[in-house]
Amino acid sequence: MPKMISMCYGGNPAKLNTSWSNDNPGRRFFWCEKFGSGFRKPCQFFTWFDPPLTPRS
Ligand SMILES: [Zn+2]
């Protein structure tokens, strides 16, 4: 299980962002700044970032 992903497949720094969709409100995810179709070599890097749950926090 990966610890902390901060680099995409292409070696670019992945950005940590927060989702505000209805399905995943407040859930965080990493994504490449070149994600999408507007680039010559678009990157498909996208992964949810789920910190370990701490029930006794
Ligand atoms: Zn990338």
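What follows is calculated from the coordinates using simple rules that are stated; it is not laboratory data. Just so we're clear, the structure is a prediction, and the values are computed from it rather than from any experiment. Don't worry about glycine lacking a Cβ; one is built from the backbone with ideal geometry, like all the others, and counts go over all protein chains shown.
For the chain, DSSP calls about 90 percent of its internal beta bridges antiparallel. Spin-label model, residue 19 to residue 44: label points 7 Å out along the Cα-to-beta-carbon direction sit 1.8 nm apart.
Local charge for residue 12 was computed over the other residues whose Cβ lies under 9 Å away, with Lys and Arg +1 and Asp and Glu -1, and equals 0.
A cut-off under 12 angstrom between Cβ atoms defines the neighbours of residue 42, and their net charge, with Lys, Arg +1 and Asp, Glu -1, is +2.
For the chain, report the % of Cα-Cα distances exceeding 16 Å.
Values: 794 of 1596 pairs.
So the portion of pairs separated by more than 16 Å is 50 percent.
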